[in-house]
1. Averaged across orientations, what area in nm² does the convex hull of the alpha carbons in the stretch 54-177 project?
2. State which stretch of the chain is the longest one without any exposed GluC sites (Glu not before Pro), exposure meaning a DSSP loop state and at most 16 other Cβ atoms within 10 Å.
3. In the stretch 40-146, what trypsin sites (Lys or Arg not before Pro) fall in a loop by DSSP, with at most 12 other Cβ atoms inside 10 Å?
4. Leaving out ligands and nucleic acids, and using a 1.4 Å probe, what accessible area per residue does the stretch 105-177 come to in Å²?
5. Leaving out ligands, DNA and RNA, what percent of the accessible area of the stretch 269-352 is carbon and sulfur, probe 1.4 Å?
6. What's the long-distance tail for the stretch 153-219, i.e. % of Cα pairs beyond 14 Å?
7. Under 5 Å between amide H atoms, partner at least 5 residues away or on a different chain: which partners does Ile112 have, H built in plane at 1.01 Å?
8. Mind listing the long-range amide H neighbours of Thr154? Cut-off is under 5 Å, sequence gap 5 or more, other chains count too, H placed in the peptide plane at 1.01 Å from N.
Amino acid sequence: MEAKANAKAKVKKMKPLQELVRPNIWSLSPYTSARDEYKGHEAKVFLDANENPYNDPVNRYPDPLQRDLKARICAIKGVREDSIFFGNGSDEAIDLMFRIFCRPGVDNAVAIEPTYGMYGVCADINDVEYRRVLLDDNFQPDADKILAAVDANTKLIFFCSPNNPSGNNIDRKVIDKVLDSFDGIVIVDEAYIDFAGVPSYLQQLSNRPNLVVLQTFSKAWGMAGIRLGMAFAQPQIIDIMNKVKYPYNINQLTQKRAMEEVMQHDRVRGWVESILKERARLMEKFARLDCCIKVYPSDANFFLARVKDAAATYNYLVGQGIIVRNRSKVALCGNSLRVTIGTVAENNALLEALSKY
Ligand SMILES: *Cc1c(COP(=O)(O)O)cnc(C)c1O
């Protein structure tokens, strides 16, 4: 009882943003582009940006704030337009978190382990200490262990749910407890949320000032090639991200193609349904293969499987022209392969090759 009362008493308010943001970023005067200063669409003659008047439409700089696309996405996601940031992949948003909040050589970030490799790489690039808190055998985190890794210089805590490479949804009670108890920024990477069968953390944005949710067009939306990621957060955080990003981070072709896809976004639901159906079939068949020891549960568009000899199986498949991901060197993933769900034909090719292995 007493422990419970103590835990309740520990609910913390987020530090003021000015205390969390690096002082140089807080006081930054951002670059102002010609297209920032003039925002209207009514003008007919544009002589403000030193563009070439020929070669319409790619001769013009794109909208630095992608307003048309945001207007569409806010309706689909049910969030305010000023709570949306678009990046050159979610990877840009991940990097921005470090550049905005973490003083190099001073601050640190905490993350679950194993998880998506980019958090650690961005930490290294920005000279920020990265503290890994090991998941349990079911790839679930312990909130108290995460909070024990936090000190006065911890600015960011990263969750990834469903998690990569394990594929499972992270226990919401753990994420909620960390959101309640940590006075810095909590990032929940939902790259695979469309496959997860659980609600998005987007619904909590309005009452969680320290929450940043990452999503992407690269997975369920089928647009990894155009490099478009999303971050959702309170407007003050989004403002700072817009100040720090490259002025024209989302190019014209990407904005145009994303608009076209958004107009027919009901297609995404059909793709997700097929992938989920195939996920169930492929996982069941894969589990029965001679080479397989265990298939871990998945809430994503891939699954992790422990096999007898991951390197040998991987190399055999390469010889058959089939590429999976060998995750054996990742913590808790010894002899494990990560398999993306493909089309029926692709999945059958994998099963057939492995049945002869
Ligand atoms: C694939 C993936 C992304 C997507 O990154 P993009 O840069 O948007 O393509 C983000 N987070 C995780 C965990 C992923 O697995």
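The values are calculated or read from the model by the stated rules, or taken from the named source; none is laboratory data. If you're wondering where the values come from, they're calculated on a predicted model, not measured in any experiment. Virtual Cβ from ideal backbone geometry, glycine too; neighbours counted across all protein chains shown. SASA here: full protein model, heavy atoms, side chains in, ligands and nucleic acids out. Shrake-Rupley method; radii C 1.70, N 1.55, O 1.52, S 1.80 Å.
1. On the way: hull surface 41.0 nm².
Here the figure is 10.3 nm², rounded to one decimal.
2. On the way: sites that count: Glu42, Glu51.
Excluding the exposed sites themselves, the longest stretch runs over 52-357.
3. Numbers: sites: Lys44, Arg60, Arg67, Lys70, Arg72, Lys77, Arg80, Arg99, Arg131, Arg132, Lys145; in loops: Lys44, Arg60, Arg80.
Counting only loop positions with at most 12 other Cβ atoms within 10 Å, the trypsin sites (Lys or Arg not before Pro) in the stretch 40-146 are Lys44.
4. On the way: 2790 Å² over 73 residues.
Accessible area per residue: 38 Å².
5. Values: 2290 of 4430 Å².
Within the stretch 269-352, the accessible surface is 52 percent carbon and sulfur.
6. Taking all Cα-Cα pairs of the stretch 153-219, the fraction more than 14 Å apart is 55 percent.
7. Those qualifying (amide H under 5 Å, at least 5 residues apart or on another chain) are Val133, Phe158.
8. Asn108
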